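So the structure is just underneath, and the comments pick up after that.
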Amino acid sequence: KLLRTAFAGAATVGITGCFSPIVSALALLDERAPDGAIYLWAKSILTASGVESVAHGLENLPVGNFVLCANHQSNFDPLVLFAHIRRHLRYVAKAELLKVPVLGFALKRAGNIFVDRSGSESDKAKLAEAVNAVRNRVSVVFFAEGTRSDDGILRSFKKGAAIMALEAQVPLVPVAIAGTHLILPKGSLAILPRPAALMIGKPIETAGLSLDARESVTERAHAQVVQLLAEGNAIVDQMATRF
């Protein structure tokens, strides 16, 4: 088990180190150019880590751009998302990731949105720019709890995802990621070969709604994710019997 964990950790660092400059270089060509490399990066790390993941509800994704409203259990969550959702997709991330050598630069070059979560004017300006981007160019992932859950239990949602979807007038897509808190627990460096499930719910339409609907839209998204997470946990429990 120790050797397997060490291999998974070394592979994650090595794969990320290889793909980060590739993503940075491709981003110079076009903002969509890194999409294929990001998919391969995510798939490669999941495979090297012995993580089996499944996705349900991909057919629910809208044809156009959307804001994806997800729970957050682990740093493996983006890997599961990018390994299954083959769309031009970026995410709102904490600014601390910019300090990670090589990876931080690649994440920024790829077009992800970084905020310091302080509610500062700088954060507001970045999110305003993101609204225009999601309206015209890219779909965005929000981890709506604001931080990782250390026990896999769903917390309340912040309203940022709903506000962005309402301002951009694009659908808000509720998503649950199940099982990842056992792959890489919060505060741990040990990567364990466990299953994960990505559950995509029915989109919540925002066309014609004003910002006054942010509370109700957030509540609707949270209610869907509660149900989706329960279904995802049941799937993960079934898959875990093979590990």
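The values are calculated or read from the model by the stated rules, or taken from the named source; none is laboratory data. Here the structure is a predicted model, which means the values were calculated and not measured. Note that we place each Cβ from the backbone using ideal geometry, even for glycine, and neighbour counts take in every protein chain shown. Remember, those area values only see protein heavy atoms, side chains included, never the ligands or the DNA or RNA. Shrake-Rupley method; radii C 1.70, N 1.55, O 1.52, S 1.80 Å.
See the values below:
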{"item": "Cα shape, the stretch 57-166, gyration tensor, a/c 1.5 rule", "result": "rounded"}
{"item": "Prolate/oblate/rounded label for the stretch 1-106 (Cα gyration tensor, a/c 1.5)", "result": "oblate"}
{"item": "Apportionment of accessible area to carbon and sulfur, the chain, percent (1.4 Å)", "result": "59"}
{"item": "Surface per residue (accessible, 1.4 Å probe) for the chain, Å²", "result": "47"}
{"item": "Label-to-label distance, nm, for residues given as LEU29 and SER188 (7 Å Cα→Cβ offset)", "result": "3.9"}
{"item": "Distance from the stretch 93-116 to the stretch 48-82 (C-alpha centre basis), Å", "result": "19"}
{"item": "Cβ crowding within 10 Å averaged over residues, with 29-36, 58-65 ranked highest first", "result": "29-36, 58-65"}
{"item": "Convex hull volume of the stretch 104-243 per residue (C-alpha atoms, cubic angstrom)", "result": "131"}
{"item": "Rg to Rh quotient for the stretch 1-53, alpha carbon positions, Kirkwood Rh", "result": "1.09"}
{"item": "Computed helical MRE - 222 nm, the chain, DSSP H runs ≥ 4 contributing -39500 (n - 2.57), nearest 500", "result": "-14500 deg cm²/dmol"}
{"item": "DSSP H segments from the chain that extend 27 Å or more along their own axis, Cα-based, with Kyte-Doolittle mean of -1.0 or above", "result": "2-27, 214-240"}
{"item": "For the chain: relative contact order, % (alpha-carbon pairs under 8 angstrom, 6 or more apart)", "result": "25"}
{"item": "Calculated diffusion of the chain, Stokes-Einstein form, Kirkwood radius summed over Cα pairs, 4 °C and 1.567 mPa s, µm²/s", "result": "71"}
